[in-house]
Each structure stands twice: as structure tokens, then as C-alpha cells.
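Novice: One structure is given below, represented as C-alpha cells, and several questions about it will come after.
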Amino acid sequence: DLSGTELPECRVNLTEAQAECYQKIQAGFAAGKPVLLHGSTGSGKTEIYIKAAHKALKEGRNVLYLVPEIALSRQLEDRLYEHFEERLMVFHSGETAAVKRNIAEIMRTQKGAEGNYILLGTRSSLFLPHHDLGLIIVDEEHDNSYKQDSPAPRYNGRDTALMLNQLQNNMGSKCNIILGSATPSLEELYNCLSDRHIKVDLTER
């Protein structure tokens with residue numbers, strides 16, 4: 001039960017370059033389009049993700065933060081806990097069945113802004129009972145670990161996240177999505193060239 005846990009104040013201080021990117025991302029969201037955040041390693045994409053996630057939580061929405069591998073999830077967990085405390089939940093194949101069941105139950109029964117959450121997870125977390133999603137973050141969107149080749153069903157986590165985003169919007173839940181990478185996939189670059197998505201560059205380390 002997440003009710004009664006207060007959302008801490010946002011303590012992220014963006015650099016001038018990060019703040020400019022953040023504003024461009026918000027403009028992309030206002031235009032109703034997915035955003036590709038193309039940022040070199042060490043440019044500070046994570047701070048921008050945290051700022052955007054905090055905004056969604058403050059608006060009473062839920063957040064899904066996807067990473068391709070468990071190792072990345074474990075690196076991020078402590079950092080995200082500093083900002084979101086008890087609102088943070090973690091879901092990946094390394095968790096016990098009891099923990100996974102508990103998370104799914106919290107999500108199913110969670111109601112209202114007081115119990116909203118940020119869920120950090122690998123691709124399997126896409127299939128949890130999400131609702132009221134305000135933001136989906138797909139970090140390292142180019143990574144092959146997002147692809148489920150076996151066993152069936154076979155799917156690409158990045159594409160499934162885009163579909164989940166669309167489903168949430170179709171159900172009337174205004175949901176935004178950021179796809180981040182230092183080396184964007186050809187598919188994502190094509191989406192930006194064809195004006196389906198908006199590309200935001202963060203080059204300053």
C-alpha cells in the first residue's frame with residue numbers, strides 16, 4: 001500500500017543544456033509525440049528522466065522506467081530511491097515470485113494520486129496491470145536486450161512500450177514517452193526523420 005507516502009520535493013538541478021532539452025521534451029509531449037533523447041554517455045539523461053518522472057508523479061500519474069538489463073536496474077535503484085523513496089517499485093526476473101505478486105497487487109488496487117508509483121523494470125514489467133500512466137521512459141532504447149527471442153511470445157520491448165503508450169492514450173490516459181540513447185536505433189532515427197517522433201539532442205557532457 002503506497003497511500004500516505006508523501007512525494008519528496010524534486011532535488012534535481014539541471015544544467016543549462018539539460019534544462020533546454022527538458023523544455024524541448026515537454027514541447028514534444030505537448031505536441032502529442034514520442035520523444036527521442038539523443039544524449040552522449042555522461043551527458044546527464046538520467047537527471048532529465050528523474051525531472052520528468054517527478055512532474056508526472058506530482059500530477060497524480062504513474063511512471064514506468066524501463067532499462068534493458070537487471071544490472072542497470074540495480075545501479076539505478078539506489079539513485080531513484082533518493083528521489084522517490086517509497087513510491088519506487090522494482091520488477092525484474094531476479095525478484096522472487098512473492099515480490100512480483102505483491103507489486104502486481106499494489107498496482108491493481110492502487111487508486112488516486114496518494115498511491116501513485118514509479119516502477120523501474122526490465123521488459124517483462126510492460127505486462128503488469130498498468131493504469132493512469134503519465135510517463136514511460138525507455139532507457140538505452142537501441143539495446144538488443146529489449147528483444148525477447150525465446151520462448152514465445154517474441155517481442156521487442158521498445159516497440160511494445162510504444163504500443164502501451166498508444167493504448168494508454170486510447171483509453172483516455174494522457175501518457176508521454178521518452179526513448180533515450182547515446183546510439184539510437186535506425187528504426188528510431190527513421191521515426192524522427194519521418195516526423196512521427198521528435199528528436200532532442202543533448203551533446204554537452
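Novice: Among what's in the stretch 41-58 and is over 28 Å from residue 170 (Cβ atoms) and of a type in the set (Gly, Ala, Ser), pick the residue that is most open to solvent (accessible area, probe 1.4 Å).
Specialist: Going through the qualifying residues, I end up with 42.
Novice: So which residues in the stretch 36-82 are at pLDDT below 90 and of a type in the set (Ser, Thr, Tyr)?
Specialist: Those that are at pLDDT below 90 and of a type in the set (Ser, Thr, Tyr): 40, 41, 43, 73.
Novice: Do we have residue 38 as surrounded by 14 or more Cβ atoms within 10 Å (Cβ to Cβ) and outside any helix (DSSP H, G or I) here? Step through it out loud before you land on a result.
Specialist: On the way: surrounded by 14 or more Cβ atoms within 10 Å (Cβ to Cβ): yes; outside any helix (DSSP H, G or I): yes.
Yes, satisfied.
Novice: With the condition kept exactly as written, say whether any residue in the stretch 109-116 is buried (at least 21 other Cβ atoms within 10 Å of the Cβ) and under 20 Å from residue 88 (Cβ atoms).
Specialist: Within the stretch 109-116, one or more residues are buried (at least 21 other Cβ atoms within 10 Å of the Cβ) and under 20 Å from residue 88 (Cβ atoms).
Novice: Output the number of residues of the stretch 7-35 satisfying the condition of being assigned to a helix (DSSP H, G or I) and touching a strand residue (DSSP E or B) at 6+ places or on another chain (Cβ under 6 Å).
Specialist: Narrowing the stretch 7-35 to residues assigned to a helix (DSSP H, G or I): 16-30.
Keeping just the survivors that are touching a strand residue (DSSP E or B) at 6+ places or on another chain (Cβ under 6 Å) gives 21, 24-25, 28-29.
So the count comes out to 5.
Yes or no, residue by residue, for (1) modelled with pLDDT of 90 or more; (2) more than 21 Å from residue 23 (Cα to Cα); (3) small (Gly, Ala, Ser):
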| site | (1), (2), (3) |
| --- | --- |
| 171 | no, yes, no |
| 177 | yes, no, no |
| 187 | yes, yes, no |
| 192 | yes, no, no |
| 202 | yes, no, no |
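Novice: Here is a further query. Of all residues being crowded, with 16+ Cβ neighbours inside 10 Å and of a type outside the set (A, V, I, L, M, F, W, C) in the stretch 2-23, which is farthest from residue 192 (Cα to Cα)? Just the residue, please.
Specialist: 18
Novice: If residue 62 passes every condition in (1) of a type outside the set (Phe, Trp, Tyr); (2) surrounded by 15 or more Cβ atoms within 10 Å (Cβ to Cβ); (3) within 23 Å of residue 143 (Cβ to Cβ) but one, which one does it miss?
Specialist: Here residue 62 meets the rest and fails (3).
Novice: Also, I was wondering about something else. Consider the stretch 67-96. How many of its residues are aliphatic (A, V, I, L, M), in a helix (DSSP H, G or I) and buried (at least 20 other Cβ atoms within 10 Å of the Cβ)? Reasoning before the result, please.
Specialist: Step one: filter the stretch 67-96 for residues aliphatic (A, V, I, L, M), giving 67, 70-72, 76, 80, 88-90.
Among the residues that remain, those that are also in a helix (DSSP H, G or I) are: 70-72, 76, 80.
Narrowing the set further to residues that are buried (at least 20 other Cβ atoms within 10 Å of the Cβ) leaves 80.
Number of matching residues: 1.
Novice: Are any of the residues in the stretch 150-159 polar (S, T, N, Q), without any contact (Cβ under 8 Å) to a residue 40 or more places away in the chain and open to solvent by 10 Å² or more (accessible area, probe 1.4 Å)?
Specialist: Here is the first cut: in the stretch 150-159, the residues polar (S, T, N, Q) are 150, 156.
Narrowing further to those that are without any contact (Cβ under 8 Å) to a residue 40 or more places away in the chain: 150, 156.
Remaining after also requiring open to solvent by 10 Å² or more (accessible area, probe 1.4 Å): 150, 156.
Among the residues of the stretch 150-159, at least one is polar (S, T, N, Q), without any contact (Cβ under 8 Å) to a residue 40 or more places away in the chain and open to solvent by 10 Å² or more (accessible area, probe 1.4 Å), which makes the answer yes.
Novice: Also, I was wondering about something else. Of everything in the stretch 123-141 that's under 16 Å from residue 49 (Cβ atoms) and outside any strand (DSSP E or B), which residue is most open to solvent (accessible area, probe 1.4 Å)? Walk me through how you get there before you give the answer.
Specialist: Residues of the stretch 123-141 under 16 Å from residue 49 (Cβ atoms): 125, 133-141.
From what's left, outside any strand (DSSP E or B): 125, 140-141.
Details: 125: 0, 140: 51, 141: 2 Å².
Out of the qualifying residues, it is 140.
Novice: Looking at the stretch 121-139, is at least one residue over 17 Å from the mean Cα position of the chain (by Cα) and not polar (S, T, N, Q)?
Specialist: At the first step, the residues of the stretch 121-139 found to be over 17 Å from the mean Cα position of the chain (by Cα) are none.
Looking for residues that are over 17 Å from the mean Cα position of the chain (by Cα) and not polar (S, T, N, Q), one finds none in the stretch 121-139, hence no.
The values are calculated or read from the model by the stated rules, or taken from the named source; none is laboratory data. Nothing here was measured: the structure is a model prediction, and the numbers come from that model. Please note: Cβ atoms are built from the backbone with ideal geometry, for glycine as well, and neighbour counts cover all protein chains shown. What goes into the accessible areas is simple: the full protein's heavy atoms, side chains included, and nothing from ligands, DNA or RNA. Shrake-Rupley method; radii C 1.70, N 1.55, O 1.52, S 1.80 Å.
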